[in-house]
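What follows is calculated from the coordinates using simple rules that are stated; it is not laboratory data. The structure presented is a predicted model; accordingly, all values stated were derived computationally and were not measured. Positions of Cβ are generated from backbone atoms using ideal geometry, with glycine treated the same way; all protein chains shown enter the neighbour counts.
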Amino acid sequence: MNGTFPKLEAVPFDATRLEAVEFFECGDDPWSLAAAQWISAPLEFNGALKSIRDHGTKVRLFYLGPMVVGFGTLGATTAPWPAPDDSHKEIIGYIPQFAVHSDMQGQPEGAGDDKFSRQILGHLLYAAKEASYRFVGLMVDEKNVKAIGFYQSAGFNPVAGTVTKYGRRLIRMLVAI
Ligand SMILES: CC(C)(COP(=O)(O)OP(=O)(O)OC[C@H]1O[C@@H](n2cnc3c(N)ncnc32)[C@H](O)[C@@H]1OP(=O)(O)O)[C@@H](O)C(=O)NCCC(=O)NCCS
């Protein structure tokens, strides 16, 4: 499969690229609308730019030619998370938001590990490893079966317990890297 599918180009996101994500869309579900709002929010609202400024989150846009295919983000948890075997807690890499544009979801067909979704996630997991994190975690709406299936296919497992945020029930997922 190597080399036959287009490779996305990762570009650091900053205020100069707001225009590129102004109309970014990744679906009509609450979590999809939240992701699109997050990446396109001006600095004064809760979103990518604020997260970069306040928490040092790394946000990357992924381009195919001029098109923004998706975005991925990597930060760290603000408090220690339990390790998968529950033996201890530690600060881990954290993915606050992640999305693939509606037109590009499931693409390229038959690409396996080279699917755009996996290229973006692979980039984040590599960056987390480079930053010496041993685990990466995230929170996902318990109704977001597509994202849960996607993360599970990449080795993430649910951690016990749910978190309620903005009236939504979120499950925590974790992968050892
Ligand atoms: C979640 C998201 C990033 C996944 O990207 P995608 O391009 O739609 O995913 P893909 O179609 O490439 O699927 C990748 C893998 O996920 C799994 N998957 C996809 N759809 C699934 C579903 N409906 N149920 C279970 N697993 C599913 C499969 O393992 C699939 O791999 P395969 O096709 O090789 O079997 C994308 O749908 C998205 O941006 N959603 C809106 C925003 C969002 O929910 N972000 C996550 C917030 S935490």
Could you run the Karplus curve 6.51 cos²θ - 1.76 cosθ + 1.60 with θ = phi - 60° over the stretch 170-176 and give me ³J(HN,Hα) per residue in whole Hz, x for Gly and Pro? 10, 9, 8, 10, 9, 9, 8
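Enter the mean projected area of the convex hull around the alpha-carbon atoms of the stretch 9-176, in nm², rounded to one decimal.
With every direction weighted equally, the projected area is 9.6 nm².
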Measuring from its Cα centre, the chain shows a charge dipole (+1 at each Lys and Arg Cβ, -1 at each Asp and Glu Cβ) which, in debye to the nearest 20, is 420
Among Tyr166, Tyr133, Tyr151, which one moves the most in a GNM of the chain with springs linking Cα atoms closer than 10 Å? Tyr166
How large is ³J(HN,Hα) for each residue in the stretch 76-85, as worked out from phi by the Karplus curve 6.51 cos²θ - 1.76 cosθ + 1.60 (θ = phi - 60°), to whole Hz, x for Gly and Pro? 9, 5, 7, 10, x, 9, x, 5, x, 8
Considering the dipole of the stretch 9-176 built from charges on the beta carbon (Lys and Arg +1, Asp and Glu -1) around the Cα centre, which of Asn46, Val140, Ala79 is farthest to its positive end? Ala79
Counting pairs on different chains as well as pairs 8 or more places apart, how many Lys pairs in the chain have Cα atoms under 26 Å apart? 20
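Tell me, what is the percent relative contact order of the chain, built from C-alpha pairs under 8 Å that lie six or more residues apart? Walk me through the numbers on the way to the answer.
Working: 292 pairs, mean separation 30.7, N = 177.
After rounding, I find 17 percent.
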Only sites in a loop by DSSP and with at most 15 other Cβ atoms within 10 Å count here; which chymotrypsin sites (Phe, Trp or Tyr not before Pro) in the stretch 1-104 make the cut? Phe23, Phe45
When the Debye formula is applied to the Cα atoms of the stretch 110-164, each taken as the same point scatterer, what base-10 log of I(q)/I(0) results at q = 0.26, 0.30 Å⁻¹? -1.17, -1.28
